[in-house]
Every structure is written in C-alpha cells, then in structure tokens.
Amino acid sequence: MAGRKFEEAMERLEKIVESLDKGELSLDESLKVFEEGMTLVNFCSKKLEEAEQKVTILIKEAGGKYAQQAFETE
C-alpha cells in the first residue's frame with residue numbers, strides 16, 4: 001500500500017466490485033480480488049480517519065479572536 005493514494009485505492013475498489021458483480025471470475029479469482037478489496041477498504045478507512053482528525057473548525061470568539069476546535073462527527 002505504500003505510496004498509494006486514496007483516489008487510486010477507491011478506483012481499484014470500484015473495479016473490484018464491478019468484476020465481482022459480473023460473476024465471471026472463478027472462485028479462486030473471486031477470493032483473491034475480494035481479499036485485495038478488503039485490504040483497500042482498510043487502507044481507505046485509515047486515510048479517512050486520519051483526515052478527520054486533521055479537520056478543524058475555526059470559531060470566532062467574543063472579541064474577534066479565532067480559536068480552533070476539533071471536528072466532531074455525529
């Protein structure tokens with residue numbers, strides 16, 4: 001996975017889903033691409049978590065100053 005970008009991983013995941021949906025792969029091939037897909041899902045998940053941690057929201061405080069607040073998901 002080293003050096004692989006999120007966008008590249010997502011594109012490959014889309015191709016894997018398409019090939020599995022077609023049902024034209026052998027069982028061995030299906031298992032191989034499924035395993036690759038799971039690795040890519042984990043990679044993308046990790047990248048999204050890292051990005052979420054970096055996101056901050058600037059909030060204007062009284063007196064005109066700005067403060068950073070961690071981004072929180074619901």
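Key figures
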read-out	value
Close pairs from region 7-34: first part of a helix (DSSP H, G or I), partner modelled with pLDDT under 95 and open to solvent by 90 Å² or more (accessible area, probe 1.4 Å), Cβ under 9 Å, at least 6 apart	A9/M1
Count of region 25-52 residues which are modelled with pLDDT of 95 or more and open to solvent by 70 Å² or more (accessible area, probe 1.4 Å)	9
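The values are calculated or read from the model by the stated rules, or taken from the named source; none is laboratory data. Keep in mind that this is a model prediction, so the values were computed, not measured. Ideal geometry is used to build each Cβ from the backbone, glycine not excepted, and the neighbour counts take in all protein chains shown. The area values use the complete protein model at the heavy-atom level, side chains included, leaving out ligands, DNA and RNA. Shrake-Rupley method; radii C 1.70, N 1.55, O 1.52, S 1.80 Å.
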